[in-house]
Amino acid sequence: MKPPIRLLAIDIDGTLLNPEFQISPVDMAALRRAQAEGVEVVVVTGRRHTFALPIVQQLGFDLWVISSNGAITRSLRGETFHRDLLPVETCRKLCTNMREFRGNTVLTFDTDAKGAIVLEHMSELNVSIRRWLEKNLQYIDFVIPI
């Protein structure tokens, strides 16, 4: 006898979203059915919490979202369970010691305002991350030098 599934953790990009960046009706129904049967559904993503919300809210039930590559865990209602931010001094040391990579440096902050994403410029970033940045332009603050 198999033990019952109690937790289902699912990623967004390349997993929950299909090539058209949508949740398929079949996947939507399966996740809703799992939740209705008592399975805890958790979305785990590298996305910032705010950027994950429009996708996760489509599921239609409250759940936990582990976002920002594991740094933030919140419910859809906004309840924060976990928040693990990089100390300012550690960030400054990293930025100082990694000057040669500044063109590819993207800093993210747990806020919903402009400055939630900080970078010097977008010219050196690859196509996939540039598309993400373009969708987040309202949150980007350009700072030279980082």
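Side notes on the structure shown:
- Members of segment 42-91 found to be closer than 16 Å to THR111 by Cα and polar (S, T, N, Q), listed by number: THR50, SER67, SER68, ASN69, THR73, SER75, THR80
- Segment 43-70, subset over 9 Å from the mean Cα position of the chain (by Cα) and in contact (Cβ under 8 Å) with a residue 40 or more places away in the chain, residue nearest to PHE21 (Cα to Cα): ILE55
- Highlighted here are the strands (runs of 3 or more DSSP E) found entirely within segment 1-106 that include at least 1 residues which are closer than 30 Å to HIS121 by Cα: 40-44, 64-67, 72-75, 80-83.
- Qualifying residue in segment 91-101 (condition: among the charged types (D, E, K, R), touching a helix residue (DSSP H, G or I) at 6+ places or on another chain (Cβ under 6 Å) and not assigned by TED's automatic domain parsing to the domain that holds ILE12): no
Here's the yes/no breakdown for (1) among the hydroxyl-bearing types (Ser, Thr, Tyr); (2) in the same structural domain as ILE129 (by TED's automatic domain parsing); (3) within 20 Å of ASN136 (Cβ to Cβ); (4) at pLDDT below 95:
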residue: ALA30; (1), (2), (3), (4): no, no, no, no
residue: GLU37; (1), (2), (3), (4): no, no, no, yes
residue: ARG48; (1), (2), (3), (4): no, no, yes, yes
residue: SER68; (1), (2), (3), (4): yes, no, yes, yes
residue: ILE72; (1), (2), (3), (4): no, no, yes, no
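- Whichever residue in segment 126-146 is of a type in the set (Val, Ile, Thr) and not in a strand (DSSP E or B) and, among such residues, is surrounded by the fewest Cβ atoms within 10 Å (Cβ to Cβ): VAL127
- ARG77 meets each of the listed conditions (1) among the charged types (D, E, K, R); (2) closer than 24 Å to ILE129 by Cβ; (3) modelled with pLDDT under 95 apart from (2).
- Checking segment 27-39 against the condition returns a match, with at least one residue being in contact with a helix residue (DSSP H, G or I) (Cβ under 9 Å, 6 or more places away or on another chain) and crowded, with 17+ Cβ neighbours inside 10 Å.
- When residues of segment 112-146 are limited to those that are of a type in the set (Phe, Trp, Tyr) and within 15 Å of the chain's Cα centre (by Cα), the one modelled with the highest pLDDT: TYR139
- Qualifying residue in segment 86-103 (condition: at positive phi and either surrounded by 13 or more Cβ atoms within 10 Å (Cβ to Cβ) or at pLDDT 90 or above (or both)): no
- Filtered by the rule that a residue be surrounded by fewer than 19 Cβ atoms within 10 Å (Cβ to Cβ) and of a type in the set (Val, Ile, Thr), segment 45-77 gives a lone residue, THR50.
The values are calculated or read from the model by the stated rules, or taken from the named source; none is laboratory data. Because the structure is predicted, anything quoted here is derived from the model rather than measured. Every residue, glycine among them, receives a Cβ derived from its backbone with ideal geometry; neighbour counts consider all protein chains shown.
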